[in-house]
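One structure is given here, and the rest of the page talks about it.
All of the numbers you see were taken from the coordinates with simple rules; none came from a lab. Everything quoted here is computed from the prediction, not taken from an experiment. Every residue, glycine among them, receives a Cβ derived from its backbone with ideal geometry; neighbour counts consider all protein chains shown.
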Amino acid sequence: MTRIVHLGLGSFHRAHQAVYTAAAGGDWSITGVAHRSRRVVDALRAQQLHYTVLTVDGERVEVEPVDVLDDALVAADEPDTVVARIADPATTVVTLTITEAGYTADGAMLALLRDGLARRRGAPITVISCDNLADNGGVLRGLLPGLDGVAFPSTMVDRIVPRTTDEHVRLAREAGFEDAVPVPAEPFRQWVLQPQFASAHPDWARAGVTLTDDVAAWEAVKVRLLNGTHSLLAYLGLLRGHELIADAIDDVVIRRAADALGDEYQATLRVPAGLDVTAYRAQLRRRFGNRALGHRTEQVGSDGSLKLVQRIPAPVRWHLDRGSVPPLLALSVAAFLRCRTPGVELAGSPGDPRAAEIAALIGRAHDERELARTAVTRLFGELGPSFADRVGDLLRALRTGGTDDAVAEALGTVRT
């Protein structure tokens, strides 16, 4: 049996890379490693590492059993075992979904990965980041220098995977599966992978993975059109009382803003060969509207300070370099800051690792433009006063006239 070690045993991995690996066939298994939480690991062990993926589309639910895990570990409790599994010659691939926050030089999961790779003493292995980071393979390579025999291909991954609820447990049981940790997901899934391997790997192409050296173009399309639009839907949705992304996209005010934001993003893209971007955007609207998924604005809106840095600066600079200030990108930032403002009523409580820092900025600012200039620079680096002032003006509109006025102001700018 040839092994993959996966760092970050969350729902997304179990509905994405694990499903592709199972579909690829061959003699492959995955050791899944959670960071700190024992909940999923203990549940998986109790059910012999089997679980189900519930593909939800309207009234239709398809339940798929997945049997590809050979072990489940908790890194915080079993670090030596995790390092040994990575170092084991039977392991030829490591994949990661550790979120954007995990990619730091002192990150706990990367420390275990570094130790495991070092113990291999140059034995070939392929390490694949599956997180929403531009050039994620290059980022990971930069954080793990001086290692022989290691390939770091870049990837783009896509599948909407909401949180598991008691309803999903019930649906699995009705289908004949006693599963305490089923994974709900949409029908759509996509994996674009750079074919730079140093070692044996599953035949993922057989399972539908796109192998191409042009991952960057696919990644930009996904991060901007899907993730960027998702963020705006979440923040405007939270402000307008919508708990679900499907309710947000059904709201005509938000939908008009989201469509206009898509236009701003699309202008910045180098569309990869074979992609019909008009059809892709229409498909995104249907995916956002999949009410049966129960995808919550609170979940999508969490960790905005980490997510938006991947979605905002490069497109803003593209527009500024061409002499225009993108109002819907500015509205995305303004809506995020409004959601982080203490005392503002929201349809949820999205967490953020920089919540206290942002609240302090809000508390010290004398007006919205001052806040925006400080916050934009702190969050995204220097984007210039014209963009920050547009963010501030829209933030003021959100405070004085609500989302209707702010969206109208942003769209009015688009129409001139």
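Among PRO79, PRO184, PRO342, which one shows the biggest mean-square fluctuation in a GNM of the chain, springs joining Cα atoms closer than 10 Å? Highest fluctuation of the listed residues: PRO342.
Globularity index of the chain is 1.00 (Cα radius of gyration / 2.2 N^0.38 Å, N = number of residues). Applying the criteria of a DSSP loop state and at most 16 other Cβ atoms within 10 Å to the trypsin sites (Lys or Arg not before Pro) of the stretch 32-95 yields ARG36, ARG38.
How do the peptides 401-410, 163-172 rank, highest first, by the average count of neighbouring beta carbon atoms within 10 Å per residue? Could the numbers behind the result be given before it?
Details: 401-410: 19.3, 163-172: 15.9.
Result, highest mean first: 401-410, 163-172.
What the Cβ-Cβ distance of GLU382 and GLN48 gives, at R0 = 41 Å and to the nearest 0.05, is a FRET efficiency of 0.15.
Compared with the dominant principal axis of the Cα atoms in the chain, helix 368-380 is inclined by about 20°.
Extending 7 Å from Cα along the Cβ direction at GLU174 and again at VAL309 yields two label points whose distance is 4.3 nm. Using Cα centres only, tell me the gap between the stretch 276-325 and the stretch 147-166 in whole Å. Here the answer is 18 Å between Cα centres.
Between the Cα long axis of helix 385-415 and the first principal axis of the chain there is an angle of about 80°, rounded to the nearest 10.
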